[in-house]
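The values are calculated or read from the model by the stated rules, or taken from the named source; none is laboratory data. Because the structure is a prediction, the values reported are computed rather than measured. Counting neighbours? That spans all protein chains shown, and the Cβs are built from the backbone with ideal geometry, glycine included. Remember, those area values only see protein heavy atoms, side chains included, never the ligands or the DNA or RNA. Shrake-Rupley method; radii C 1.70, N 1.55, O 1.52, S 1.80 Å.
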Amino acid sequence: MIIGSGLSGLGTAIRLSQRGVTDYLVVERGADVGGTWRDNTYPGAGCDVPSHLYSYSFALNPHWSRSFSPQAEIEQYLRQVADRYGVRDKHLFDTTMTAARWIDADGRWEVDTSNGAFTADFVVSAAGVLAEPNVPDIKGISSFEGEIFHSARWNHDASLAGRKVAVIGTGSSAVQIVPSIAPQVERLDVYQRTATWVMPQLNRPYLAPERFAFQHVPGLQRMIRALIYIAREAFVVTQVKLPWTGLLLETVGRVKMWLEIRDPEKRRKVLPKHRIGCKRMLVSNKFYGALDRDNVDLVTDGIAEVRARSIVTEDGTEREVDAIVLATGFHVADSPTFNLYTGRDGRTVSEAADAEGYQMYKGTTVANFPNMFFMLGANSGLNYTSLIYIIESQINYVVDAVTTMRQRNLQSFEVKLDAQHEYNRGLAPKMARTVWVTGGCTSWFLDKHGNNSALWPDFSFRYRKLVRAFDIEAYETTAKTP
Ligand code: NAP
C-alpha cells in the first residue's frame, strides 16, 4: 500500500507496475494525483528548480513553456504521467489513511482509511514533507473576522483586490505570493520574522524553435538536464563542503538589494544576519521590487496579537487588515502523519522520534517499523536541486526491496538497530560542518532537538549510489510461513 500520490507515491506506483508488481493500492486524500503541486495554487506558485531537471527521468517533458515551470504546468504534467502509465485505476482518491499498525503475528500492516480497512505486506509512506500546513499559534488568531488562510490552502473565492492584506512569513512561498498580489491590493503588510538571502533567477519563456528542438533533437533535453544537474551540485560546495565560498553568493545578494530596493530602511531590514544557505535560499526577481512599492510595508516587529480586524505588533502598533495570508510553512519533522503509524513495539513514529531523535536508515527505513518505507524520510531532503532525483533513488530501493523479498520468499524485514545507528554516526561529522548547522539561523531543516534531520549532507549522486540496491544484510528478515 502506498500512502499519498504526489511525486513520490505516483513514481513508486509506476515503477512497481513496470517491474511487474501490480498488487498494490495507492491511497490519496485528495481528488487527484499531484501532492504539493495540486495543493499549492497560490498566486505566483512555481518551481525554483529549472524545468528540465524537475521531471521524472523516465518521463521527460519537451513541452515546458518556461525555464522554470509554473505550478499549473507541473500539476498537469503529473496528471498526464498518471494517465500515460495507466496507474490511475490503482488509486483510491478522496481516501484518508487514519491509522496503520504492524501486526507482528501476521507479519503485515493493518491500515485504516476513511474508505475501509486493508492489510498490506508493505507500506510506503509517501505522504509528503511539505504537506501539513503550519498554522502559527498567535494570540487571538482564531478571533480574526476577515479572510484568513494558509498559502497551501489558498481561498480563491476571497477577493484581495482593493483590500488591506497581511502576509505572514517571508519564505519561498511568500516571495512568490507578495509580488503577485502587491499590485492589486490597497495595502500589503509583509510580516518578516527572519530576513533570508534572495538570489536572482534566469526565468524566461521558451521560444517555439527551442520547444521544437527539445521534442525532435535526440538527446538534447537529456544533455541540458545533465548540465543543469551538474551546475546545481555546485551548491553542495557552498553549503556542505566549503561554506565560506557562500560569501561570493552573499555579495550577489547584497548587490541585488541595492539595485532593487530604493528605501534605505527597507534595505536595512532585508539584510540577513545568517550565512547564505543556512535557511533555504529564496529565488525571485520580483520580491524586493514588490517590497519597495509605496503600498507595501515590511514589518519586522514581532506579532503580539491578532484582533478581529487588525494585527498588533510587540511595539504596540495596530494595523487594520481585511485578509491574512499565512505563508508560515509546514510541519516537517513533526508531521502529524507520524502519529498514525504504530510500529512493532507499540510506539508511533512520533513517540520513537521523541525518545531517540528523528533518525532513519538511508533516509527511508527505520527500526521498529518492519516492511515500511518512508519516502523523503530523515536526512534525505535537498534544498538546492530537484528532489525528484532523491525520490527516484528511493523508488529504486523500494522496488528492489519488494522484489527481493518476494524472490527469496521472505515475509518481513526490519533494519538492524546497529546498522541504523552506524549509518547516522557516519552522517554526523558531515552535517556538523554544513552551513545549515553553523550558519547562525533556525530553519525547518532542524527538528525540536536542534538536529538537522531533514537534509542529505553530501552530493546527491552519493545518495543515489547508497540506495542503488536493497542491502538485505542490514536487515533482520523472517521467512514466509507456508
Ligand atoms: P518556510 O520556508 O518554512 O517559511 C515560513 C515563513 O513563515 C518563514 O519566513 C518563517 O519565519 C515564517 N513564520 C513561521 N511561523 C511564524 C510565526 N509564528 N510568526 C511569524 N512568522 C512566522 O515555508 P514556505 O515558504 O511555505 O516554504 C517551505 C518550503 O517549501 C521551502 O523551503 C521550499 O523547500 C518549498 N517551496 C518551494 C517553492 C519553489 O520551488 N519555488 C515554493 C514554495 C515552497 P522564520 O524564518 O523566522 O522561521
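Observations, loosely collected:
- Remark on the chain: Cys47 stand apart, with no other cysteine beta carbon under 4.7 Å.
- Taking 7 Å steps out from each Cα toward its Cβ at Leu227 and Arg193 produces label points 4.1 nm apart.
- Taking 0.36 nm per residue of separation and subtracting the current Cα-Cα distance, fully stretching the chain between Lys430 and Asp112 would add 110.6 nm.
- Sites Ala72 and Ala479, calculated FRET efficiency, Cβ-Cβ separation with R0 41 Å, nearest 0.05: 0.25
- Kirkwood's formula applied to the C-alpha pairs of the chain gives a hydrodynamic radius of 23.7 angstrom.
- Contact order, relative form, for the range 368-448: 30 percent (alpha carbon pairs under 8 Å, 6 or more residues apart, mean separation divided by residue count).
- Student exercise, the range 30-172 dipole from Lys, Arg, Asp, Glu Cβ charges, in Debye to nearest 20: 460
- Rough spin-label spacing in nm, given labels placed 7 Å along Cα→Cβ, for Arg204 and Arg319: 3.6
- The value of relative contact order for the range 288-409, using C-alpha pairs under 8 Å at least six residues apart, is 10 percent.
- Helix 387-407 and the long axis of the chain differ in direction by around 10°, with both axes built from C-alpha atoms.
- With the convex hull constructed from alpha-carbon coordinates only, the range 121-191 shows a mean projected area of 6.8 nm² over all directions.
- As a length-normalised measure over Cα pairs under 8 Å and 6 or more apart, the relative contact order of the chain settles at 19 percent.
- With every protein chain in place, the chain: carbon and sulfur % of accessible area (1.4 Å): 53
- For the chain, the solvent-accessible area with a 1.4 angstrom probe is 43 square angstrom per residue.
- Shown in residue order for the range 36-53 are the 3J(HN,Hα) couplings computed by the Karplus curve 6.51 cos²θ - 1.76 cosθ + 1.60 at θ = phi - 60°: 4, 7, 8, 7, 8, 10, 5, x, x, 4, x, 9, 9, 10, x, 3, 5, 8 Hz (x for Gly and Pro).
- For the chain, the longest principal axis of the alpha carbon atoms and the long axis of helix 246-260 meet at an angle near 40°.
- Long pairs among Lys90/Lys362; Lys362/Lys448; Lys139/Lys256; Lys256/Lys465; Lys286/Lys430; Lys430/Lys465, criterion Cα-Cα beyond 26 Å: Lys90/Lys362; Lys139/Lys256; Lys256/Lys465; Lys286/Lys430
- Dimensions of the range 249-404 from C-alpha coordinates, computed as largest minus smallest value along each principal axis and given longest first, are 62, 40, 25 Å.
- Overall form of the range 42-92 per C-alpha gyration tensor (a/c, 1.5; a/b vs b/c): oblate
- Percent of C-alpha pairs per 5 Å bin, the range 1-141, short to long: 2, 9, 18, 19, 17, 13, 10, 6, 3, 1, 0
- Residue-averaged 222 nm ellipticity for the chain, from DSSP H runs of 4+ at -39500 (n - 2.57), nearest 500: -9500 deg cm²/dmol
- Extension gain, Asp104 back to Arg262 (0.36 nm per residue minus Cα-Cα distance, nm): 50.4 nm
- Segment Asp301-Arg211, extension gain: residue separation times 0.36 nm, minus the distance between their alpha carbons: 27.7 nm
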